[in-house]
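The values are calculated or read from the model by the stated rules, or taken from the named source; none is laboratory data. What you see is a predicted model; the values in this text were computed from it and never measured. So basically every Cβ, Gly included, is an ideal-geometry build from the backbone, and we count neighbours across all protein chains shown. Side chains are part of the model used for accessible areas, which takes the heavy atoms of the whole protein and leaves out ligands, DNA and RNA. Shrake-Rupley method; radii C 1.70, N 1.55, O 1.52, S 1.80 Å.
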Amino acid sequence: MAVDPIHQFQIIDLFPVFKIGNTEIAFTNSAAYMVAAVLVITAFLIVGTAKRSLVPGRVQSTAELTYEFVANTIRSTAGTEGMRFFPFVFALFTFILTVNIIGLIPYAFTVTTHIIVTAMLALSVFLTVLVYGFWKHGLHFFNLFVPKGIPVYILPLIVFIEVLSFLSRPISHSVRLFANMLAGHITLKVFASFITLLGSAGIIGMAGATLPLAMVVALTALELLVAFLQAYVFAILTCIYLNDAIHPGH
Amino acid sequence: MATTAHTEAPGGHKGTFPPFDSHTFASQLVWLVITFVLLYVVLAKVALPRVGGIIAERQKRIDDDLAQANSFKTQSDSAIAAYEKALADARNRAQSIANDMREKQTAEAESVRKKIEDQFNVKLADAEKAIAATKQAAMANVRGIATDAAKAIVERLTGKAPADTAIDAAITDVLKR
């Protein structure tokens with residue numbers, strides 16, 4: 001079973017909790033990792049800043065850096081008005097980042113390798129943009145689909161493309177994160193299984209197994225980068241989409 | 001799809017790619033909503049205001065310190081300016097006092113000199129007057145002496161006293177020359 005690269009994505013029910021209609025909602029390994037991520041983030045931000053020191057220690061400094069990093073990302077892409085979504089973007093960024101990085105620990109489960117999770121996160125962004133856009137601008141929100149300075153005869157085409165690209169946002173937003181994490185973990189597992197396969201084939205095999213081992217080490221470093229990068233990309237796209245809700249005129 | 005998993009998860013069905021197994025969607029959604037909303041609330045209500053507060057507090061402290069340093073600098077600048085002004089004032093005053101003093105002393109010396117000169121002039125005039133008076137007196141005496149002498153000489157030479165008028169005429173004649 002160690003050589004099955006798909007097994008790591010299995011959802012395992014740990015214990016049943018409650019029922020919604022006929023569906024049993026169990027506490028799963030995925031749920032455990034989500035709870036773990038929330039606990040890690042909360043501990044990082046609250047316990048890390050317990051001393052409230054003027055000259056921060058390591059953990060507090062990192063917490064402050066993360067705060068400033070997300071705040072600057074929002075300010076530069078969505079303006080100061082975007083800061084009302086700061087907790088939302090911060091929650092998305094830290095949740096995805098933490099879940100991705102925990103998933104890199106061997107034998108750990110990666111929550112974001114399930115399309116339903118990333119789709120839900122992307123949909124929450126999409127709905128926030130829609131609700132806030134219409135609440136703030138009313139029907140003027142449709143200006144988003146009508147770029148200024150476009151000749152009238154190609155306007156219908158442009159509007160069609162704009163609407164289509166707007167509607168496809170949650171899809172690309174969710175699939176990007178999901179596919180990156182899934183592909184990375186499958187690749188890691190495949191190369192890792194080569195090590196065990198070659199390693200069981202005698203001395204020469206063991207020598208050969210060093211190659212996939214080196215590859216796994218390099219891939220793990222790459223996946224660490226991807227884990228951060230995908231969380232950042234998700235957050236910055238969220239900011240860009242929110243900017244559309246805040247300033248619908250192009 | 002090759003599956004060698006012995007552990008048949010209650011939610012997971014054999015042969016289905018786990019991320020696309022819709023039987024697990026409901027539980028994942030429920031837990032995602034629960035944990036994410038919990039995370040959002042904790043972040044929005046507690047964690048982020050806390051971190052933001054720490055950063056703002058530090059920024060305020062830095063700004064306050066800078067403002068204080070600035071005000072101290074302004075104070076020291078104005079103190080230096082006041083000191084230099086006082087110094088310049090004192091120098092000016094010293095100069096003016098010296099000038100006044102010099103002028104006063106010059107004037108005093110001048111007046112003293114004038115007074116002494118005047119006194120000298122008065123004394124000089126008195127002396128000249130005295131000299132003139134003495135001279136006049138002397139000149140007056142000369143005639144008498146000459147008359148007496150001439151009378152005695154003539155009397156001795158001729159044995160007889162000459163007439164006063166003749167002697168007077170002769171002396172007047174001599175004094176005229």
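Quick notes
- Residues in the stretch A:159-164 carry Karplus couplings, in order, of 4, 4, 5, 4, 5, 4 Hz; the curve used is 6.51 cos²θ - 1.76 cosθ + 1.60 with θ = phi - 60°, and Gly or Pro positions show x.
- Degrees separating the helix A:29-42 axis from the principal Cα axis of chain A, which is the longest one: 70
- For the stretch A:27-73, the equivalent ellipsoid derived from the Cα gyration tensor has semi-axes of 25, 14, 6 Å, listed largest first.
- Listed residue pairs exceeding 28 Å between alpha carbons, taken from A:Lys51/B:Lys45; B:Lys151/B:Lys176; A:Lys189/B:Lys45; A:Lys51/B:Lys60: A:Lys189/B:Lys45
- Convex hull volume per residue for the stretch B:20-112, taking Cα atoms only, in Å³: 90
- Inter-chain Cβ neighbour count for A:18-28, averaged per residue, equals 4 (cutoff 10 Å, partner chain atoms only).
- Entry for chain B at q = 0.15, 0.19, 0.20 Å⁻¹: log10 I(q)/I(0) = -1.08, -1.22, -1.26, Debye formula applied to identical alpha-carbon scatterers, no solvent contribution.
- Peptide packing: for A:218-230, B:134-146, the average count of neighbouring Cβ atoms within 10 Å per residue gives the ranking A:218-230, B:134-146, highest mean first.
- As a ratio to 2.2 N^0.38 Å, the alpha-carbon radius of gyration computed for the stretch A:1-117 takes the value 1.33.
- Inter-chain Cβ neighbour count for B:43-50, averaged per residue, equals 6 (cutoff 10 Å, partner chain atoms only).
- Between helix A:58-78 and chain A: long-axis angle, C-alpha atoms, 0 to 90°, nearest 10: 40
- Peptide-level mean, for B:95-103, of C-beta atoms on other protein chains within 10 Å: 0
- The trypsin sites (Lys or Arg not before Pro) of the stretch A:32-76 meeting both criteria, a DSSP state outside H, G, I, E and B (loop) and at most 13 other C-beta atoms within 10 angstrom of the site's C-beta, are A:Lys51, A:Arg52.
- In the distance distribution for the protein assembly as shown, Cα-Cα pairs more than 30 Å apart total 67 percent.
- Here the protein assembly as shown exposes an accessible surface that is 68 percent carbon and sulfur, computed with a 1.4 Å probe and the other protein chains kept in place.
- Quotient of C-alpha Rg and 2.2 N^0.38 Å, computed over the stretch A:77-227: 1.50
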